[in-house]
Each structure stands twice: as structure tokens, then as C-alpha cells.
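These notes concern the structure reproduced below.
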Amino acid sequence: MRILRTLLTVVLGLVLLVTAASVVYNLATSDPNVPVAKLWQGKFVDGTAYREWGSQGRPVVLVGGFLEPSFVWAAVGPRLAAAGFHVYALDLDGFGYTVRKGPWTLKGWGDQVQRFIQALHLQKPIVAGHSLGAAIALEEARRGVASSAVLVDGDALSSGGPPRLVRVALAHSPFFTTLYRVLPGIDWVVKRLLKNAYGPTHPKLDAAVIDPWTNPFRAQDARKALQGIAENGLPGFTPAQLRAINVRALVIWGSNDAVDSLSSGRQTAHDLQAAVVVVPGAGHLSMLEAPGRVAAAIARLR
């Protein structure tokens, strides 16, 4: 018992020491909080940053996943435009260079994408979403705003995780702020995350590749948005809800996806009664690794 008490005392002391160090660091530093208009020189609609390819043809709206700015579609968009589509890729609220407003929920993001579609007067676009964005693409189709949904490496299921009270406590702990300010500046951490997302093949992870991923952390209220997302958890549907949704859908999945398994994609496709297109050799970021195959698959919904 004496050894156990000693061990607990040491552990408690370390926790208090680390907590104090985190609090001191947070007091001595600050979030960048750069207005998005200074970070993004491209187009905005009602605070939503977006890219555009083509000038006519059937509209396609491309939505990224967690922490994904719209640049992830930079090789898919021109290919779809060349195939006769009018293509838009937007930054979801909380990521990229869109103004952080909230709420960061399936309804909140669904409303944002719907407002975007309505503001640009797009008639029943195809909406394709990657990873987290898959649930949002499906939500637009469920609402009747989109003609069809494309789920790219995303099963559209809500995540589990700890109870909400625990998520709220962690999101507002000093450690969250410290990690937010420190981790994006550690190349080793960013490279490990990108290697896992890309899978077996990936580009040279130099500053030219890393900076587009980390630069949005400088945006005004970026930490506030991530805290809101942490509180709410990653949104989506239940399997029963998927089976009850009757929309035109397509599932595209990298064969070597180590973030979300291909079996998950196949199950979601089964629940939605949708076809599956497997992208050979691609990991979780199939739209970056095999943009031609992803664009060609989306174009099938013409």
C-alpha cells in the first residue's frame, strides 16, 4: 500500500506540474487569429471560401473532410470541368478559410452547404464529400438540395467517443489550447498524420505540401471552432438511418485506406443501395492520390 500511495503521489505531482506548465505557456502565448480575408485571396460567398472550375455545365459541389481546406480538390476540379461540369469546392466552417460561425454539427454544416448552393443559384448539384464531408453530402441529398451524393472515403456514420461532459471538459482544458498552438508547428507530427492519411504512396512531405494543411490554424477563431467540434463529436448517421435514406448515391474508396476501412465503405454502400468504386492503391486521400479516377467516378452521375 505504501508503494501504491507513493506512486499515486508521484503521478498526481506530475499531472499538476504538466497542468501548471500548460497554463503558464497559454498565458505567455496567444492564438494567431488572423482574419481569413488576409489568408485567402480567393472567392467568398457569405463568409464561405471556395474555388471554382469551369463556367457552364451541370454543377458539382465538392466538400472536404476534417481539417481539409478546399485545395484537396485542386486536381479533381479541373478534370471535372474538362468533362463538362461546373465545379465548386468549398471550405467547411471550422476548416480552411471560411469564417468560423458554427454550430459545428451535421445540421450546421448542412445549412452552410445549402446556403452556398442557394446563394450561387445552383440547381440540384451533385455533392461529393470526403471523409467527414461524406455525411454532409448525404445530408444535402436527403434534404433534396442535391441530386445525388458521392461519399469519398467516408462512411457517413456518426463517431462514438467519450460522453459529452468528458468531451466538453477536454475541449476547454488548458491542454487543448497548448496542443492547438504547438502541434501544427511540429513537422514530425504533421508528417506522421499525413503519411497515415496518404497510405503507402505519398508526395515528398516538404513545406510546399505541409503548409497548405497547417496555415488555416492561423485563422481567426480556429481554436474556438475546433473546441466546438470536439464538444459535439464528428457527426453523421446511424446504420438504421442510412438504410432509411432513399437517394441516388455513389461510394468511392481507396483500396489501401488505413483511416476508414474499405469494409466500412462497402457496408455503407450496401445500406444506401449504392455502387462502390474502389480506387486501386489509394489511401484515405484518394482525391489527391488518384484524382483522375475519382473525377471519372463522379462524372458517372452525369
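Condition first: at pLDDT 95 or above and within 27 Å of Ser173 (Cα to Cα). Can you find one or more residues in the range 234-255 that meet it?
Looking for residues that are at pLDDT 95 or above and within 27 Å of Ser173 (Cα to Cα), one finds at least one in the range 234-255, hence yes.
Would you say Leu120 is hydrophobic (A, V, I, L, M, F, W, C) and touching a Ser or Thr at 6+ places or on another chain (Cβ under 9 Å)?
Against the criterion (hydrophobic (A, V, I, L, M, F, W, C) and touching a Ser or Thr at 6+ places or on another chain (Cβ under 9 Å)), Leu120 does not qualify.
Residues of the range 131-148 being among the charged types (D, E, K, R), surrounded by fewer than 22 Cβ atoms within 10 Å (Cβ to Cβ) and under 12 Å from Ala249 (Cα atoms), which ones?
Selection gives Arg142 alone.
Can you tell which of His172, His202 is over 30 Å from Ala20 (Cα atoms) and either modelled with pLDDT under 95 or in contact with a helix residue (DSSP H, G or I) (Cβ under 6 Å, 6 or more places away or on another chain) (or both)?
His202
With respect to Ala81, determine if the residue is surrounded by fewer than 20 Cβ atoms within 10 Å (Cβ to Cβ) and closer than 21 Å to Asn215 by Cβ.
Taking the combined requirement at face value, the residue does not satisfy it.
Hey, among Ala244, Ala219, Ala240, which residue is under 19 Å from the mean Cα position of the chain (by Cα) and farther than 17 Å from Ser286 by Cβ?
Criteria check complete, one pass: Ala219.
In the range 49-62, what residues are under 29 Å from Gln220 (Cα atoms) and either part of a loop (DSSP other than H, G, I, E, B) or under 15 Å from the mean Cα position of the chain (by Cα) (or both)?
Within the range 49-62, Ala49, Tyr50, Val61, Leu62 meet the criteria.
Among the residues of the range 191-212, which ones are outside any helix (DSSP H, G or I) and closer than 25 Å to Ser261 by Cα?
Of everything in the range 191-212, those that are outside any helix (DSSP H, G or I) and closer than 25 Å to Ser261 by Cα turn out to be Gly199, Pro200, Thr201, His202, Pro203, Lys204, Leu205.
Could you run through the range 275-290 and say how many residues are crowded, with 21+ Cβ neighbours inside 10 Å and either over 22 Å from the mean Cα position of the chain (by Cα) or not hydroxyl-bearing (Ser, Thr, Tyr) (or both)?
The total comes to 9.
Hey, among Leu151, Leu157, which residue is modelled with pLDDT of 95 or more, crowded, with 18+ Cβ neighbours inside 10 Å, of a type outside the set (Ser, Thr, Tyr) and more than 16 Å from Leu92 (Cβ to Cβ)?
Exactly one of Leu151, Leu157 is modelled with pLDDT of 95 or more, crowded, with 18+ Cβ neighbours inside 10 Å, of a type outside the set (Ser, Thr, Tyr) and more than 16 Å from Leu92 (Cβ to Cβ), namely Leu157.
Out of the range 190-213, which residues are surrounded by fewer than 17 Cβ atoms within 10 Å (Cβ to Cβ) and among the β-branched types (Val, Ile, Thr)?
Of everything in the range 190-213, those that are surrounded by fewer than 17 Cβ atoms within 10 Å (Cβ to Cβ) and among the β-branched types (Val, Ile, Thr) turn out to be Thr201, Val209, Ile210.
Being in contact (Cβ under 8 Å) with a residue 40 or more places away in the chain, surrounded by fewer than 19 Cβ atoms within 10 Å (Cβ to Cβ), among the aliphatic types (A, V, I, L, M) and more than 30 Å from Lys101 (Cβ to Cβ), is that true of even one residue in the range 239-261?
Yes - at least one qualifying residue is present in the range 239-261.
Which is acidic (Asp, Glu), out of contact with any Asp or Glu (no Cβ under 6 Å at 6 or more places or on another chain) and in contact (Cβ under 8 Å) with a residue 60 or more places away in the chain, of Asp206, Asp187, Asp221, Asp211?
Asp221
Residues of the range 250-302 being hydroxyl-bearing (Ser, Thr, Tyr) and either part of a helix (DSSP H, G or I) or under 14 Å from Leu151 (Cα atoms) (or both), which ones?
Selection gives Ser261, Ser263, Ser264, Thr268, Ser286.
Which residue pairs have Cβ atoms under 7 Å apart, sit 6 or more places apart or on different chains, and have a first residue in the range 36-52 that is on the phi < 0 side of the Ramachandran plot and touching a residue at least 60 places away in the same chain (Cβ under 8 Å) and a second that is surrounded by fewer than 17 Cβ atoms within 10 Å (Cβ to Cβ) and part of a strand (DSSP E or B)?
Tyr50/Lys43
Taking helices (runs of 4 or more DSSP H) that fall entirely within the range 63-181, which contain at least 3 residues that are among the charged types (D, E, K, R)?
Qualifying helices (runs of 4 or more DSSP H): 106-119, 132-143.
The values are calculated or read from the model by the stated rules, or taken from the named source; none is laboratory data. Just so it is clear, the structure is predicted and the values come from calculations on it, not from any experiment. So basically every Cβ, Gly included, is an ideal-geometry build from the backbone, and we count neighbours across all protein chains shown.
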